[in-house]
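The values are calculated or read from the model by the stated rules, or taken from the named source; none is laboratory data. In this text, all values refer to a predicted model and were calculated from it rather than measured experimentally. Every residue, glycine among them, receives a Cβ derived from its backbone with ideal geometry; neighbour counts consider all protein chains shown. Side chains are part of the model used for accessible areas, which takes the heavy atoms of the whole protein and leaves out ligands, DNA and RNA. Shrake-Rupley method; radii C 1.70, N 1.55, O 1.52, S 1.80 Å.
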Amino acid sequence: DVQLLASLPLLGDGRDLPAPSQWLAWMAQTPGWFTSFADGEEGLSSDRLQLAYPWVRTAESADAQGGVEAPEGSLAGVLARSALERGAYRSAATRALQRYQDSEPVLAWAQATQQAVWTPLGSLTLAQRVCLLGPSPRGPQLLSDVSCSADARTRQAAVRRLINVVIQAARNAGDAFAFEANGEALWSRVRDRLADLMRVLLSAGALSSDGVPFVVRCGRDTMRQNDLDAGRLIAQIELQPAQPIQRI
């Protein structure tokens, strides 16, 4: 239930980096961003990674090198504020940026948010791959809240955070039941505890009400005899997240 926030780097002398408008095309052609690295190691297509861009000018950034600061700090602040006010499972896109004055480099915002580029994952815009911080008709906003997931189902970072909420709640339930006898009575209590959590998330709007929003299983269909012999309890949760609408 942990995510990594990082920033795309700035252009600079001696850096082999693309122009601001070419980031997505450069990622599509460079090993590691959408596919595995050349040596076979996993790439950066992770739903636990969120990248922020461009760098920002604020009232406090004048003392920083170049007069700008990396945007992952602003992204972390927006995500934390949104989680406290509306829940971690809500998209933070369109949330106001309190400290934003300008950006470096200056992006072609219409191109970054609307013009798609072919990638190994299909046609994507920069806003569908990177959390963009920039201007809008309603003032500076977080323009996109996305992860680097290779799976379109978890590309919206709010979906990953919803899964994190469920993982953390399941862990807390596991701690509470750690010394209980592993049998039918315990399995029923675990199912009830997790189902209660899912109903709370459903009523809060975190799950889709179209079809079956969630299924909780815990019993002989989720555990084998060697699990029971080892005192290991396994519960399975299937959920249908409410996907946030990014743009109309």
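For residues in region 200-248 being within 23 Å of the chain's Cα centre (by Cα) and of a type in the set (Gly, Ala, Ser), which is modelled with the lowest pLDDT?
Ser209
Of Leu197, Leu162, Leu201, which residue is out of contact with any Pro (no Cβ under 6 Å at 6 or more places or on another chain) and touching a residue at least 60 places away in the same chain (Cβ under 8 Å)?
Exactly one of Leu197, Leu162, Leu201 is out of contact with any Pro (no Cβ under 6 Å at 6 or more places or on another chain) and touching a residue at least 60 places away in the same chain (Cβ under 8 Å), namely Leu201.
Starting from residues that are modelled with pLDDT under 90 and not polar (S, T, N, Q), keep the ones in region 48-66 and report whichever is most open to solvent (accessible area, probe 1.4 Å).
Asp63
Select from region 5-24 the residues that are at pLDDT 80 or above and either more than 22 Å from the chain's Cα centre (by Cα) or on the phi > 0 side of the Ramachandran plot (or both) and list them in ascending order.
Leu10, Leu17, Pro18, Ala19, Pro20, Ser21, Gln22
Could you identify the single residue in Val212, Val200, Val216 that is under 17 Å from Val165 (Cβ atoms) and either in contact with a strand residue (DSSP E or B) (Cβ under 9 Å, 6 or more places away or on another chain) or assigned to a loop (DSSP other than H, G, I, E, B) (or both)?
Going through Val212, Val200, Val216 in turn, just one is under 17 Å from Val165 (Cβ atoms) and either in contact with a strand residue (DSSP E or B) (Cβ under 9 Å, 6 or more places away or on another chain) or assigned to a loop (DSSP other than H, G, I, E, B) (or both): Val216.
Exactly one of these conditions fails for Ser21: (1) open to solvent by less than 40 Å² (accessible area, probe 1.4 Å); (2) of a type outside the set (A, V, I, L, M, F, W, C); (3) not in a loop (DSSP other than H, G, I, E, B). Give me its number.
The one condition Ser21 does not meet is (1).
Please indicate, with yes or no, whether at least one residue in region 176-188 is part of a helix (DSSP H, G or I), among the polar types (S, T, N, Q) and within 22 Å of the chain's Cα centre (by Cα).
no
Tell me the residue from Arg191, Arg217, Arg161, Arg232 that is exposed (fewer than 14 other Cβ atoms within 10 Å of the Cβ) and not aliphatic (A, V, I, L, M), please.
Arg232
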